[in-house]
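What follows is one structure encoded as structure tokens, with my remarks underneath.
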Amino acid sequence: VAKRLEKFKTTIFTQMSILGVKHGAINLGQGFPNFDGPDFIKEAAVQAIKDGKNQYARAYGVPELNSAISTRFQEDTGLVVDPEKEVTVTSGCTEAIAASMLGLINPGDEVILFAPFYDSYEATLSMAGAKIKGITLRPPDFSIPLEELKAAFTKNTRAILMNTPHNPTGKMFTREELETIASLCIENDVLVFSDEVYDKLAFEMDHISIASLPGMYERTVTMNSLGKTFSLTGWKIGWAIAPPHLTWGVRQAHSYLTFATSTPAQWAAIAALKAPESYYKELKRDYAAKKEILVKGLKEVGFTVFPSSGTYFVTADHTPFGLENDIAFCEYLIEEVGVVAIPTSVFYLNPEEGKNLVRFAFCKDEDTLRGAIERMKQKL
Ligand code: GLN
């Protein structure tokens with residue numbers, strides 16, 4: 001393997017899912033719903049295939065999808081963006097992140113990350129040759145240590161790569177935190193890459209896109225996808241929204257990474273983005289109920305559970321159970337208890353910082369969640 005990827009192992013999600021299957025464990029690890037997305041979207045995909053929408057799409061997106069994305073962005077943020085010049089459809093948000101890094105970051109540029117961070121951020125930054133500066137968010141509330149953040153900016157800082165609602169903690173950045181990030185980025189002429197794939201799973205407060213803050217749109221790439229909002233994580237339809245000068249970089253990388261993404265899935269995505277408001281309300285209501293089952297259950301089992309405002313994840317402190325670290329705990333949980341969770345130490349630059357924390361996903365039907373809690377009550 002190339003030197004720039006030498007330190008990365010098989011992703012933790014793959015590792016834990018494989019181990020879970022081997023032991024017949026209930027998977028509250030990898031974040032994928034164990035139920036399907038809505039029929040009207042699946043039918044739109046079947047129809048698109050039957051209608052012969054099966055050859056390469058336009059590289060930066062089926063025009064109607066670019067328009068649907070810009071309409072939704074306007075509804076969500078009030079920002080009016082040109083679907084032709086400011087929206088790029090990618091193979092999931094993960095590709096949008098990779099294309100943004102490879103298209104806009106030079107080797108040696110410093111990029112600030114908030115740890116714990118989604119694992120692909122570090123690997124993609126490494127592929128781009130960036131120097132990573134980590135700022136650690138600490139329990140119980142995972143708020144941004146503002147002084148540390150200020151101190152992290154240097155003349156070489158090119159960008160911040162952030163995520164709200166935040167995987168794995170469920171933290172949502174407050175308006176004050178976003179304003180501080182914004183003013184530091186404006187002052188230091190720094191870009192923001194904002195991964196907002198959990199924006200529709202915001203329970204305790206309203207999601208705010210940092211691009212909507214004054215002076216920020218021109219320096220922000222906002223990324224999102226279909227997967228979480230429509231329970232279709234396998235479709236890999238994502239997008240990046242940015243002003244033309246940044247979109248150019250994203251598109252250049254995207255053109256040579258994947259060129260274009262699945263045509264029929266893009267046509268179905270157009271149908272998805274036309275979902276009525278009631279769809280989003282129902283989604284949130286269903287997830288709030290699932291979250292309550294999981295959080296209440298984990299507390300009864302004996303975990304310290306940290307408040308999660310958004311996403312379909314919660315983090316918990318496993319130390320009451322006496323295992324040496326998060327990896328040992330998750331292995332024990334799979335092998336002896338029959339439940340998969342994700343150890344969080346892999347999401348830190350310094351793994352020590354995550355050794356007490358594990359992440360549970362509640363994107364599962366209620367019986368599955370109850371079943372997992374039952375196993376933990378009996379065997380932990
Ligand atoms: N985003 C999901 C998670 O955080 C799945 C990740 C993956 O399998 N690469 O669990």
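A few notes on this one:
- Filter result (without any contact (Cβ under 8 Å) to a residue 40 or more places away in the chain and of a type in the set (Asp, Glu)) within region 273-306: Glu277, Glu282, Asp286, Glu292
- Among the residues of region 302-320, those that are away from the ligand (no atom under 13 Å from the Cβ) and either part of a loop (DSSP other than H, G, I, E, B) or not aliphatic (A, V, I, L, M) (or both) comprise Gly302, Phe303, Thr304, Phe306, Pro307, Ser308, Ser309, Gly310, Asp317, His318, Thr319, Pro320.
- Taken over region 40-78, the criterion of being over 22 Å from Leu283 (Cα atoms) and either of a type in the set (Val, Ile, Thr) or at pLDDT below 95 (or both) is satisfied by Val46, Ile49, Val62.
- Unmet requirement for Asp51, which otherwise passes all of (1) over 23 Å from the mean Cα position of the chain (by Cα); (2) within 23 Å of Ile210 (Cβ to Cβ): (2)
- Within region 311-339, residues that are under 16 Å from Lys22 (Cβ atoms) reach partners that are within 15 Å of the ligand (Cβ to nearest atom) and in a helix (DSSP H, G or I) with beta carbons closer than 6 Å, at six or more positions or on different chains, in the pairs Ile334/Leu19; Ile334/Gly20.
- Selection status of Glu324, modelled with pLDDT of 95 or more, within 22 Å of the chain's Cα centre (by Cα) and among the charged types (D, E, K, R): no
- Cross-chain or 6+ apart pairs with Cβ under 6 Å, region 160-181 first and within 11 Å of Phe114 (Cβ to Cβ), then modelled with pLDDT of 95 or more and of a type in the set (Gly, Ala, Ser): Met162/Ser194
- Inspection of region 103-110 identifies no residue that is part of a helix (DSSP H, G or I), under 21 Å from Leu232 (Cβ atoms), in the same structural domain as Thr157 (by TED's automatic domain parsing) and away from the ligand (no atom under 16 Å from the Cβ).
- Members of region 14-46 found to be surrounded by 17 or more Cβ atoms within 10 Å (Cβ to Cβ), within 19 Å of the chain's Cα centre (by Cα) and in a helix (DSSP H, G or I), listed by number: Gln15, Met16, Ser17
- Flag for Gly37 being in contact with a Leu (Cβ under 9 Å, 6 or more places away or on another chain), small (Gly, Ala, Ser) and either modelled with pLDDT of 95 or more or within 16 Å of the ligand (Cβ to nearest atom) (or both): yes
- Scanning region 146-187 for residues that are away from the ligand (no atom under 16 Å from the Cβ) and among the small types (Gly, Ala, Ser) gives Ala151, Ala152, Ala159, Ala182, Ser183.
The values are calculated or read from the model by the stated rules, or taken from the named source; none is laboratory data. Remember, predicted model here, so these are calculated numbers, not experimental data. Positions of Cβ are backbone-derived with ideal geometry, glycine not excepted, and every protein chain shown enters the neighbour counts.
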